[in-house]
Amino acid sequence: MSTVTMPDSKTGVHSVRGPMLDMARCVESRADIAGVLRYHEDGLLVLEDGRIVYSGPFSIEKVPSRTEQDVLHFPGKLIVPGFIDTHVHYPQAEMIGAYGEQLLDWLNQYAFPTERRYADIEYARKMAGFFVEELLRNGTTTALVFCTVHPESVDALFEKAESYQMRMIAGKVLMDQNAPDYLLDTASSGYEQSKALIQKWHKRNRLLYAITPRFAPTSTAEQLAAAGRLKREFPDVYVHTHLSENRAEIDWVKELFPGHDGYLDVYHHHGLTGTRSVFAHCVHLREPEWKCLHESESVIAFCPTSNLFLGSGLFPLKKSWEEGVRVGMGTDVGAGTSFSMLQTLNEAYKVAQLQNDKLSAFEAFYLATLGGARALSLDNVLGNFDAGKEADFVVLDPGATPLLRKRNETCRDVEQRLFALFTLGDDRCIHSTFVNGQPVYQRDRKVEANV
């Protein structure tokens, strides 16, 4: 078995060779996905200053030095764009797999007490380090992240992401009712703290900010109006929240906001829908809500492991294509049960099967890469190997386990090998992760942050 010697992370990488897979462009229909697949059995990426300057078939003439010794070669692996996680809670990583509850009881029993600890900046930094390294170990190079109500939690996460030069989106939770006193802010303090964090972090290097009301039941109308004001004042920031995850939650929203036409209308009324508005779950949407999401160009984060673990329901992925609503994949740790996008896609396939639908290997791959970038309005800079895009990519090992090696003996083509990775793979299949052109993770070897 060949070995790969990684360069020092400070030195960087200039040319990477091996089997290479990406999608040429975004699509509007799942039927179009196979037609935009790009696969090179012997591919080459040429990088410069964290950007891709060439991707395509290997040719020594494309290598800047014209010397094969300067090419990092991954024979037998699969080079793909970095995975994109469109919904995850970093403070909940430590209570992943907590037993026995559905959403509302789960929040009170597990999530809220855990989040209390993030008022301590040193504790937040410790856990932010763990979280970011877990993302990279699982091949996730960009994520849209919930922090806690504490500004310290945001600072800690952005500090760590910046040390790796990651493109990361995150925000302070807004929550001024229906939660423990120790986690509440106010409409005024939430607005002021969020504004200060936007001014400090948004568009600093590769970092972006998300206005983050937890979900409608934990924000008063006054706070939601303040969140809408922030969105108007900073129109290129994101909005990140939850929507229609659980039927009891939906009933609660009806009680709290009786003057609105359903759950989504609470957000829409306060100006919180739009191109950069991402709504996690959306398991139980009504027809008018699908229409509103489409017309406002809002986004859904599909979180299959979480929806199954909490018994929330089955997200209708096929419906999202039919309604023209962008979708990205979310691990939703810690209600979700894995940081691995491979495992997340495994569960997404099963959710589709339970609805008499099929999630193909190529559609799954699209949702985790270029489709995820499109969901986050980042497909101009991320998601495939077009020249000029940011060089975030992952080297997958299709033979990482004995079972995968045996399965690959019968795989006839790249589609079958990819499907085997999505159904049988996990973090062991991540051979290497690169961010901004730099190696940040290699299996069985510690790679330092780029500071």
- Message: For region 394-449, which trypsin sites (Lys or Arg not before Pro) pass both filters: DSSP loop (anything but H, G, I, E, B) and at most 16 other C-beta atoms within 10 Å?
- Response: Arg412, Arg443, Lys446
- In nm, the gap between the two label points placed 7 Å beyond Cα toward Cβ at Glu61 and Thr410 is 4.4 nm
- So which of Lys358/Lys389; Lys160/Lys389; Lys319/Lys389; Lys203/Lys358; Lys160/Lys231; Lys254/Lys291 end up more than 27 Å apart, counting from Cα to Cα? Lys358/Lys389; Lys319/Lys389; Lys203/Lys358
- Rounded to the nearest 5, the percent of antiparallel DSSP beta bridges in region 83-339 equals 0 percent
- Item | 5 angstrom amide H check on Ile79, placed H, neighbours 5+ away | Met20, Leu21, Leu396
- Fewest-first ordering of Lys389, Lys200 by Cβ atoms within 10 Å yields Lys200, Lys389
- Square roots of five times the C-alpha gyration tensor eigenvalues of region 165-239, ordered largest first and given in whole Å, equal 22, 13, 10
- Would you list Met23, Met168, Met341 from fewest to most Cβ contacts within 10 Å? Met168, Met23, Met341
- Message: Which three extents, in angstrom, do the Cα atoms of region 83-339 have along their principal axes, listed largest first?
- Response: 44, 35, 34
- Please list the equivalent ellipsoid semi-axes of region 357-451, computed as the square roots of five times the alpha-carbon gyration tensor eigenvalues, in descending order and whole angstrom. 25, 20, 10
- Residues of region 388-412 with amide N under 11 Å of a point placed 7 Å along Cα→Cβ from Glu68: none
- Task: Return the Rg/Rh value of region 220-306, two decimal places, where both radii are evaluated on C-alpha atoms and Rh is the Kirkwood radius.
- Result: 0.94
- Cross-link reach from Lys62 to aspartates and glutamates, straight Cα distance under 18 Å and at least 8 residues apart if same chain, gives Glu41, Asp42, Glu48, Asp49, Asp70, Asp386
- With -39,500 (n - 2.57) per DSSP H segment of 4 or more residues and division by the full residue count of the chain, the 222 nm estimate, nearest 500 deg cm²/dmol, is -9500 deg cm²/dmol
- Mind jotting down a quarter of the surface of the convex hull over the alpha carbons of the chain, in square nanometres, one decimal? 19.9 nm²
- Note on the structure: For Ile250, Ile84, Ile60, ascending order of other Cβ atoms within 10 Å (fewest first) is Ile60, Ile250, Ile84
- Treat each spin label as a single point 7 Å out from the Cα along the C-beta direction, and report the Asn108 to Ser29 distance in nm. 4.9 nm
- Note on the structure: What the 5 Å binned alpha carbon P(r) of region 235-392 shows, as percent of pairs per bin from 0, is 2, 9, 18, 22, 21, 15, 8, 4, 1, 0, 0
- Item | Placed amide H near Tyr238: partners under 5 Å, 5+ positions off or other chain | Tyr209, Ala210, Ile211
- 19 Å Cα-Cα reach of Lys318 towards aspartates and glutamates, excluding residues that sit fewer than 8 places from it in its own chain: Glu28, Asp32, Glu245, Glu287, Glu289, Glu295, Glu297, Glu347, Asp357, Glu363
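Where a number appears in this text, it was derived from the coordinates with a stated rule and is not lab data. Values in this document were obtained by computation on a predicted structure and should not be read as measured data. Neighbour counts run over all protein chains shown; Cβ positions are idealised from the backbone, glycine included.
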